[in-house]
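*Asks:* Just passing along the structure, written as structure tokens.
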Amino acid sequence: MTATVCVAVLGLGEAGGAISQDLAAAGVRVRAYDPLPRPSDGLISCTDEADAARGADLILSVNSAKAAEDALRAGLAGVGEGAVWADLNTAAPELKRR
């Protein structure tokens with residue numbers, strides 16, 4: 001029996017909302033967080049970035065460049081060993097390196 005992949009999606013705007021819905025439709029367990037739009041049906045609603053990252057194999061930070069660093073700082077406490085954090089935003093390379 002294979003384990004279900006778990007993906008956290010941080011940011012449920014246009015891109016994050018579409019990505020999270022597509023992942024859930026493909027059978028992926030999606031833990032979702034955004035301070036404004038609530039996660040839609042089929043997603044696991046989380047209280048903050050760290051809660052969403054907890055237990056996720058992959059964390060997709062799909063938010064504005066302005067919010068990218070804060071999302072990372074807030075989410076780090078929930079990132080488990082072996083998990084991958086991916087910034088899917090338009091932040092400048094120097095911000096991503098920091």
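*Asks:* Is it the case, given these coordinates, that residue 89 is part of a loop (DSSP other than H, G, I, E, B) and under 11 Å from the mean Cα position of the chain (by Cα)?
*Replies:* It is false that residue 89 is part of a loop (DSSP other than H, G, I, E, B) and under 11 Å from the mean Cα position of the chain (by Cα).
*Asks:* Give the number of residues within the range 68-91 that are out of contact with any helix residue (DSSP H, G or I) (no Cβ under 6 Å at 6 or more places or on another chain), open to solvent by 40 Å² or more (accessible area, probe 1.4 Å) and of a type outside the set (Val, Ile, Thr).
*Replies:* The qualifying residues number 9.
*Asks:* May I pose another question? Of the residues 55, 42, only one is on the phi > 0 side of the Ramachandran plot and modelled with pLDDT under 95; which?
*Replies:* Exactly one of 55, 42 is on the phi > 0 side of the Ramachandran plot and modelled with pLDDT under 95, namely 42.
*Asks:* If I go through the range 54-67 residue by residue, how many of them are in a helix (DSSP H, G or I) and surrounded by fewer than 16 Cβ atoms within 10 Å (Cβ to Cβ)? Reasoning before the result, please.
*Replies:* To start, the set of residues in the range 54-67 that are in a helix (DSSP H, G or I) comprises 65-67.
Adding the requirement that they be surrounded by fewer than 16 Cβ atoms within 10 Å (Cβ to Cβ) leaves 65-66.
Counting residues in the range 54-67 that are in a helix (DSSP H, G or I) and surrounded by fewer than 16 Cβ atoms within 10 Å (Cβ to Cβ) gives 2.
*Asks:* Something else about it: Taking interchain pairs and intrachain pairs at least six residues apart, which have beta carbon atoms under 6 angstrom, with the first residue in the range 14-42 and over 23 Å from residue 74 (Cα atoms) and the second open to solvent by less than 50 Å² (accessible area, probe 1.4 Å) and part of a helix (DSSP H, G or I)?
*Replies:* Between residues of the range 14-42 that are over 23 Å from residue 74 (Cα atoms) and residues that are open to solvent by less than 50 Å² (accessible area, probe 1.4 Å) and part of a helix (DSSP H, G or I), the close pairs are 42/24.
*Asks:* Scan the range 28-59 residue by residue and report those that are hydrophobic (A, V, I, L, M, F, W, C), closer than 14 Å to residue 84 by Cα and in contact with a strand residue (DSSP E or B) (Cβ under 7 Å, 6 or more places away or on another chain).
*Replies:* 52, 53, 56, 58, 59
*Asks:* I've got another one for you. Considering only residues of the range 7-43 that are surrounded by fewer than 20 Cβ atoms within 10 Å (Cβ to Cβ) and of a type in the set (A, V, I, L, M, F, W, C), which is nearest to residue 90 (Cα to Cα)? Can you show your working first?
*Replies:* Step one: of the range 7-43, the residues surrounded by fewer than 20 Cβ atoms within 10 Å (Cβ to Cβ) are 13-15, 17-19, 21-22, 25-29, 35-38, 40-42.
This time we only want the ones that are of a type in the set (A, V, I, L, M, F, W, C), so: 15, 18-19, 25-26, 28, 36.
On the way: 15: 12, 18: 17, 19: 16, 25: 26, 26: 26, 28: 25, 36: 20 Å.
So the residue we want is 15.
The values are calculated or read from the model by the stated rules, or taken from the named source; none is laboratory data. What you are looking at is a predicted structure, and each value in this text was computed from that prediction instead of being measured. Please note: Cβ atoms are built from the backbone with ideal geometry, for glycine as well, and neighbour counts cover all protein chains shown. Surface accessibility is based on the protein's heavy atoms, side chains included, excluding ligands, DNA and RNA. Shrake-Rupley method; radii C 1.70, N 1.55, O 1.52, S 1.80 Å.
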